[in-house]
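What follows is calculated from the coordinates using simple rules that are stated; it is not laboratory data. Remember, predicted model here, so these are calculated numbers, not experimental data. Please note: Cβ atoms are built from the backbone with ideal geometry, for glycine as well, and neighbour counts cover all protein chains shown.
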Amino acid sequence: YQGGDAELISDIQDNFLLTTDCVKGIIMLKFIVEVDGSISTIEILKGLDEELDSKATEAIKSLKSFIPAKAQGKPVRSWFYAPVKVAR
């Protein structure tokens, strides 16, 4: 991710806006980073509830482009796993 793991976590939390009180926990997602750095195929691996899972998915969709993985010097599609911490 542009800026490394710390910036990725910060950007996810900035994009994950809570409007109501909620439970605490972690939503675990996975998604594909495409060869151009864009995100596709977001999946919830461990969710908390429908509303929070949806907000976490939207937070991931709002991220900047990633630096794609490389195999033999060429960009390739790769799975990326990301936790979204929910705390209020």
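Do any strands (runs of 3 or more DSSP E) lying entirely in the chain carry at least 2 residues that are surrounded by 15 or more Cβ atoms within 10 Å (Cβ to Cβ) and among the hydrophobic types (A, V, I, L, M, F, W, C), and which ones are they?
Correct list: 25-33, 39-46, 78-86.
Scan region 28-71 for residues that are among the basic types (K, R) and closer than 18 Å to A87 by Cβ and jot them down.
Within region 28-71, the first condition is being among the basic types (K, R), and the residues that meet it are 30, 46, 55, 61, 64, 70.
Those that are among the basic types (K, R) and closer than 18 Å to A87 by Cβ: K46, K55.
How many residues are over 19 Å from A6 (Cα atoms), in contact (Cβ under 8 Å) with a residue 40 or more places away in the chain and small (G, A, S) when one looks only at region 29-88?
Residues in region 29-88 being over 19 Å from A6 (Cα atoms), in contact (Cβ under 8 Å) with a residue 40 or more places away in the chain and small (G, A, S): 1 in total.
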